Amino acid sequence: MSFDSKYYHIAEAQLSERKARNDRLLAKNQSEIAVNYPEIAEIQARLSRTTSKIIQLIVSRSSDFEEKFGEIEKENLELQRMLEQSLVKIGKSPDYLDVKYTCKKCKDSGYYDGRRCECFFEAVKAAAMEDLNKSSPLSLSDFNDFSLAYYDDSQPVAFGCTAREIMGENLDFCRKYAEDFHLPCNGILMRGATGLGKTHLSLSIANEVIKKGYSVIYGSAPDLFGKAEQEHFGNKERVTLEMLYDADLLIMDDIGAEFESKFYVSLFYTIINNRMNSGKPTIVSTNLSLNDLLSRYGDRTVSRLKTMDDLPFAGTDVRLIRAREKRN
Ligand SMILES: Nc1ncnc2c1ncn2[C@@H]1O[C@H](COP(=O)(O)OP(=O)(O)OP(=O)(O)O)[C@@H](O)[C@H]1O
Ligand SMILES: [Mg+2]
Ligand SMILES: [Zn+2]
């Protein structure tokens with residue numbers, strides 16, 4: 001995987017910050033014990049003396065090495081046991097005075113077996129993702145602010161249902177989708193006129209899914225396509241594209257609002273196809289009808305979009321209703 005070196009620097013800084021934080025925590029624990037429980041500190045001091053004894057023994061090349069080594073080892077184990085028991089007795093965890101590592105595999109060095117550790121790549125990915133989401137209003141919407149009162153309930157608009165009934169189902173679906181989010185899972189196609197809550201509901205899903213620890217990228221199609229295009233033609237490292245493939249959940253908002261280009265059409269296909277093959281869901285929202293989508297993106301893309309859960313949005317422009325409410 002290729003990444004912009006900027007993200008490598010951010011990841012390196014994070015790893016050393018993590019190490020410094022763990023060192024500080026250990027120093028704090030040690031001084032707490034030294035001040036309040038000198039008898040425990042003494043056990044620890046004896047324990048570390050056994051380590052020096054082992055080094056001395058190795059250097060001395062003594063003839064009774066094995067016998068002495070066995071003795072020290074026994075003492076070492078006994079002291080370790082005493083230390084752990086004393087810590088538990090005062091209500092601490094048995095590893096309270098151990099060196100702390102966030103990543104046990106590489107001991108926070110960022111290297112394992114002479115190679116970069118997985119935790120380092122995780123940090124690189126997180127930095128790249130944060131950068132991509134920077135321009136998005138990710139924290140602005142949640143399910144609790146979504147009101148069905150904005151949708152008319154007086155007459156049926158489609159399938160014998162009122163706009164409120166349709167939107168009530170959409171809301172329930174999205175809540176459940178976010179709640180049960182797992183991989184692999186199906187994507188969602190949100191279709192409908194402007195101001196009906198597509199972005200609001202997709203951001204609400206994003207917030208829940210992020211809370212569960214999944215990686216999420218949200219972006220408008222013009223924005224995401226534009227970034228990927230710059231990387232493609234600017235001969236830059238393909239951070240955006242990698243992220244678009246890699247994120248656990250991708251939200252491509254406003255498909256159809258981007259400038260019409262063959263490059264975007266094939267990019268859209270590649271993204272959707274790639275993600276489907278790896279079982280990673282995409283939420284696509286659009287003002288276009290299925291026919292418009294078909295004539296713009298072609299049947300290979302649209303037949304994939306049709307396998308997603310289809311949510312038709314109904315009602316009158318909530319953006320306008322809210323703007324009017326504010327004025328009054
Ligand atoms: N049911 C709702 N309850 C509360 N606020 C809503 C609701 N639906 C939409 N809004 C608010 O109205 C505004 C427009 O909604 P949103 O951006 O989600 O519409 P959209 O369907 O994405 O429109 P567009 O197609 O123009 O992108 C936003 O500020 C959103 O928070
Ligand atoms: Mg929108
Ligand atoms: Zn690691």
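Read the figures in this text as sums done on the coordinates, not as results from a lab. From a predicted model like this one, the values you see are computed outputs, not experimental measurements. Cβ coordinates were reconstructed from backbone atoms using ideal geometry, including for glycine residues, and neighbour counts include every protein chain displayed.
Please identify every one of the trypsin sites (Lys or Arg not before Pro) in the stretch 125-223 that sits in a loop by DSSP and has no more than 11 other beta carbons within 10 Å of its own beta carbon. Before the final figure, lay out each step's value.
Details: sites: Lys125, Lys134, Arg164, Arg175, Lys176, Arg191, Lys198, Lys211, Lys212; in loops: Lys134, Lys212.
Filter output for the stretch 125-223: Lys134.
What is the gain in length, in nm to one decimal, between Lys104 and Glu66 on full extension, counting 0.36 nm per residue of separation less the C-alpha to C-alpha distance?
On the way: separation 38, 0.36 × 38 = 13.68 nm, distance 3.10 nm.
Here the answer is 10.6 nm.
How compact is the stretch 59-186 by the rule of thumb for globular proteins, expressed as Cα Rg over 2.2 N^0.38 Å? Numbers along the way, then the final one.
On the way: Rg = 29.8 Å, N = 128, 2.2 N^0.38 = 13.9 Å.
Compactness ratio reported: 2.14.
Among the lysines, select those whose C-alpha is under 19 Å from the C-alpha of Lys100, and discard any that sit fewer than 8 residues away in the same chain.
Lys19, Lys28, Lys92
Based on the Kirkwood radius over alpha-carbon pairs, what is the Stokes-Einstein translational diffusion coefficient of the chain at 37 °C with 0.692 mPa s viscosity, in µm²/s? Kindly include the intermediate steps, with their values, before the conclusion.
On the way: Rh = 24.3 Å.
The calculation lands on 135 µm²/s.
Among DSSP bridges having both ends in the stretch 135-327, what percentage is antiparallel? Round to the nearest 5. Walk me through the numbers before you get to the answer.
Working: 2 of 19 bridges.
Counting only bridges with both partners in the stretch 135-327, antiparallel ones make up about 10 percent.
Note the per residue figure in Å³ for the convex hull of the C-alpha positions in the stretch 135-327. Numbers along the way, then the final one.
Numbers: hull volume 24.5 nm³, N = 193.
Cα convex hull per residue, to the nearest whole number: 127 Å³.
Calculate one ³J(HN,Hα) per residue across the stretch 115-120 by plugging θ = phi - 60° into the Karplus curve 6.51 cos²θ - 1.76 cosθ + 1.60, and present them in order as whole Hz with x for glycine and proline.
With the stated coefficients, the stretch 115-120 comes to 10, 4, 6, 3, 5, 5 Hz.
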